[in-house]
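These notes concern the structure reproduced below.
Bear in mind these aren't lab numbers, they're just calculated from the coordinates by the rules spelled out. Predicted model, so just to flag it, every value in this text is computed and none were measured. Here the Cβ positions follow ideal geometry from the backbone for every residue, glycine too, while neighbour counts run over all protein chains shown.
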Amino acid sequence: MDLSVNYMGLHLKSPIIVGSSGLTNSVEKIRDLEQQGAGAIVLKSLFEEQMLIEQEASNELNDYNYPEAMDYMKAYATEYSYSQFIKLIRSAKVAVDIPVIASINCVSAGKWIELAQSIESAGADALELNISLLPSDIYKSSAQNEKTYFDIVESVRKNVKIPIALKMSHYSAGLAHLIAQLSFTKMVDSFVLFNRYYSPDINIDDMSITSAGVLSRPENISDSLRWIALLSGKLKTPLVASTGVHEGEDVVKQILAGAQAVQVVSTLYKNGITHMRKMNDFLGAWMKENQYESLSDFRGQISYEKFHHAEAFERIQFMKYFGGFE
């Protein structure tokens, strides 16, 4: 079976992309991921603040409204700096044949954008912009929050020619409209749905804020599955599923919904990177059993545009589904 896919003009031998994480922060790890069947890898994210710290080490950066950002980023930058990031791109491109996608975690269209050209010059095949927006400011409208996406994408597009993937948040008053408008700009080459947030919890014993868990769970697949199914037949821009893809069956589901590819991280932490080969094997076996020769033969068959009962993707009230249960 042919598991290959064209993603943003890049040839992938498999639709399984290893997402930005500690799994992709060294050449040795990236080489191992290629051997286990990764279609592409997204390098561990470089934060906007890190780029600025190295570019303007003496400047005050607290204008970004992150009270703890400076202390954290200064410590983080000593371990993983912008110069190391550029070096990793160059080294990875020499070491592997699969596409190497750089990743930047950003919150504004600031001076860091000038450094995107260096990332392109280093040989990155594409650039993933991870824009995490939490609309928590009661004085900001939806339009003001979402303008951040357009500002960053437009500024980066002016500086680089390589494909741009936008990994975005599901927080929006009009998510479908927002993604469609971003697609219409033709400055975004793919959408990655969605980025994973830090999930806070409270420890009632010592009155501290803790994490509710870093890794995703299989049931987290529903958000991306819903939105990819709803949007895939309406947009020309490819969609990539992220969060909750843990098994080969999940890869099949997302492609049936219309995804061009999927990103995995948590399942590789839980099961080891050899699990990726099992996922590819499952995908190939399922295709053979159902007489599909390529991914395009079944992509989008259960999307909103094609499936006869796809209105289920719009269902958000439990009672509509469970109302008849005793």
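Could you please state, rounded to a whole Å, how far the C-alpha centre of the range 260-301 is from the C-alpha centre of the range 190-205?
25 Å
Which of Ala143, Ala241, Ala109 ends up with the largest GNM mean-square fluctuation for the chain, with Cα atoms connected below 10 Å?
Ala143
How many angstrom separate the Cα center of the range 82-103 from the Cα center of the range 30-44?
Taking the Cα centre of each part, the range 82-103 and the range 30-44 sit 11 Å apart.
Based on the mean of other Cβ atoms within 10 Å per residue, sort peptides 259-272, 120-133 so the most packed one is first.
For the peptides 259-272, 120-133, the packing ranking is 259-272, 120-133.
Would you mind working out the magnitude of the charge dipole of the chain relative to its Cα centre, with +1 at each Lys and Arg C-beta and -1 at each Asp and Glu C-beta, to the nearest 20 Debye?
For the chain, the charge dipole is close to 860 debye.
In Å, what Kirkwood hydrodynamic radius results for the chain from the alpha-carbon pair distances?
After inverting the pairwise mean of 1/r, the radius is 20.7 Å.
Using the number of other C-beta atoms within 10 angstrom as an exposure proxy, rank Ile41, Ile162, Ile138 with the fewest first.
Going from least to most buried by this count: Ile138, Ile162, Ile41.
Using the 10 angstrom Cβ neighbour count as an exposure proxy, how do Ile273, Ile98 rank, fewest first?
If I rank by nearby Cβ atoms, fewest first, I get Ile273, Ile98.
For Asp2 and Ile204, what is the calculated FRET efficiency with R₀ set at 51 Å and r taken between the beta-carbons, to the nearest 0.05?
According to the calculation, E is roughly 0.45.
Any idea what the relative contact order of the range 5-322 is, in percent, if you count C-alpha pairs under 8 Å spaced at least 6 apart?
It comes to 16 percent, rounded to a whole number.
Between Gln84 and His11, how high is the FRET efficiency from 1/(1 + (r/R0)^6) when r is the Cβ-Cβ distance and R₀ = 25 Å? Nearest 0.05.
The pair Gln84/His11 has a calculated efficiency of 0.35.
Which chymotrypsin sites (Phe, Trp or Tyr not before Pro) from the range 175-249 combine a DSSP loop assignment with at most 16 other Cβ atoms within 10 Å?
Tyr197, Tyr198
I need Leu225, Leu23 ordered by Cβ neighbour count within 10 Å, fewest first.
Arranged by neighbour count, lowest to highest, Leu225, Leu23 become Leu23, Leu225.
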